[in-house]
Amino acid sequence: MTTVSLESLRDLATFRAENGCAISLYLDLHPSVSPTAGDTAVRVESLLDRAAKSHGATRGDLAHEVREGLKADFERLHRFFAEELERDGAHGFAVFAAGLDNVWRVLPLSSSVPDAARVADDFLLAPLVPLLGRGNGALVAVVNREQGRVLELRDGRLEEIVDRTEEAPSRHDQGGWSQARFQRHIENVAHEHYKTVAAELDRAFRRLERPRIVVACTEDVRPEFATTLHTEVADAVVGWVAVEQHAGPADLREAAEPLLERWRAERQGELVERWREETGRNARGVSGWEDTLGAASDGRIETLLYQQGTHSDAFRCPACGRASAGAGTCPLDGTTMEFRDDGLDLAVRLTLAHGGEVHAVEHRRDLDPVGGIGAILRY
């Protein structure tokens with residue numbers, strides 16, 4: 001499965017078809033929606049049929065070779081879903097096709113996405129924004145007196161990257177030692193073990209560019225292990241969780257995910273508060289569709305924020321790609337702006353193409369009074 005990264009979205013955002021059209025298709029494969037292959041096949045056929053009959057695929061100004069290219073792309077999509085689709089645990093698929101421009105990209109996703117299909121000169125990206133960073137970029141450390149494992153979240157799965165499990169001293173090792181001396185020996189061995197695990201966690205943390213961390217351990221281990229963590233590593237810990245001693249990767253991910261979601265919600269809250277502060281003092285913040293689309297077109301957006309589920313019509317200059325909430329002519333080149341029913345996607349793609357970040361706000365409703373969209377600006 002593919003984890004949606006900011007880099008992969010930027011790459012898709014910069015694409016604009018020069019020789020043909022671009023087809024974007026999203027398919028929800030969650031078991032509650034697609035329990036059987038037959039159910040999936042019916043929905044795929046419906047999506048492709050709607051896309052082939054849409055305005056983007058049937059507009060009168062399409063040249064003959066563009067229509068032929070679209071036909072070939074739809075045939076390839078039909079073949080892929082009929083013969084090549086492998087679910088393998090995926091809960092969603094995104095496929096981007098632009099044959100005349102040599103683009104074919106398939107993204108099996110670890111999370112669901114709403115069914116959608118569109119034909120345009122660019123790719124539909126907004127459905128991927130809520131998945132950014134999910135299923136990737138976190139570490140889980142499993143620690144007790146014997147275990148010392150570090151697992152990395154990759155493409156929706158936890159994979160072990162460090163194992164410093166060691167056999168702890170037991171009572172039959174006591175020999176002629178007094179109980180007090182033997183107990184101190186056990187404590188020293190445990191402390192050295194925790195230091196070793198903490199050092200391995202620190203190395204993984206720095207090598208993987210400082211991801212978030214969840215520590216799985218018992219309450220009696222937590223205080224001592226916490227003292228062995230480097231300050232920067234300790235600051236990256238988003239939560240501590242107790243699990244069964246022999247918990248596997250799936251169990252560990254299930255235990256860690258709520259803590260990671262809580263951290264994401266807190267991160268979103270911090271961004272929303274920053275946006276409120278910047279707009280409140282009329283500084284580096286904008287609100288609403290007109291100002292946000294204008295800032296996105298000018299490459300001024302540092303962080304785009306939108307309420308998940310928001311929607312708006314918009315207009316785009318077919319020559320330079322500038323977006324606006326209202327009709328008229330492009331202020332840069334005088335070209336008549338074309339109507340688009342995907343204002344959110346215009347804002348997302350322009351922000352990404354100019355190096356900004358995008359966040360679908362799920363846990364706050366602060367953006368509702370301004371049309372569900374706003375941004376923190378670079379300048």
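The values are calculated or read from the model by the stated rules, or taken from the named source; none is laboratory data. Not measured: the values here are computed from a predicted model. Quick reminder, even Gly has a Cβ in these numbers, built from the backbone with ideal geometry, and neighbours come from all protein chains shown.
A few comments on the model shown:
- Odd one out for Glu152 among (1) buried (at least 20 other Cβ atoms within 10 Å of the Cβ); (2) farther than 28 Å from Arg316 by Cβ: (1)
- In region 285-335, counting only strands (runs of 3 or more DSSP E) that sit wholly within it, the ones holding 3 or more residues that are within 14 Å of Trp275 (Cβ to Cβ) span 285-287, 301-307.
- Some residue of region 80-89 being assigned to a helix (DSSP H, G or I), aromatic (Phe, Trp, Tyr) and surrounded by 18 or more Cβ atoms within 10 Å (Cβ to Cβ): yes
- Qualifying residue in region 99-118 (condition: modelled with pLDDT of 95 or more, among the small types (Gly, Ala, Ser), buried (at least 20 other Cβ atoms within 10 Å of the Cβ) and touching a Gly at 6+ places or on another chain (Cβ under 6 Å)): yes
- Subset tally (residues that are out of contact with any strand residue (DSSP E or B) (no Cβ under 7 Å at 6 or more places or on another chain), assigned to a helix (DSSP H, G or I) and not aliphatic (A, V, I, L, M)) for region 342-379: 3
- Test result for Arg59, over 30 Å from Gly135 (Cβ atoms), assigned by TED's automatic domain parsing to the domain that holds Val119 and of a type in the set (D, E, K, R): yes
- Whenever a residue of region 255-277 is closer than 18 Å to Leu139 by Cβ, its partners that are of a type in the set (Gly, Ala, Ser) and surrounded by fewer than 14 Cβ atoms within 10 Å (Cβ to Cβ), lying with C-beta atoms within less than 9 angstrom and at least six residues away or across chains, give the pairs Ala255/Ala242.
- For region 1-28, the set of residues classified as modelled with pLDDT of 90 or more, closer than 21 Å to Ser111 by Cβ and among the hydrophobic types (A, V, I, L, M, F, W, C) consists of Leu9, Leu12, Ala13, Leu25, Leu27, listed by residue number.
- Filtered residues of region 273-332 (kept if out of contact with any helix residue (DSSP H, G or I) (no Cβ under 9 Å at 6 or more places or on another chain) and among the basic types (Lys, Arg)): Arg274, Arg276, Arg281
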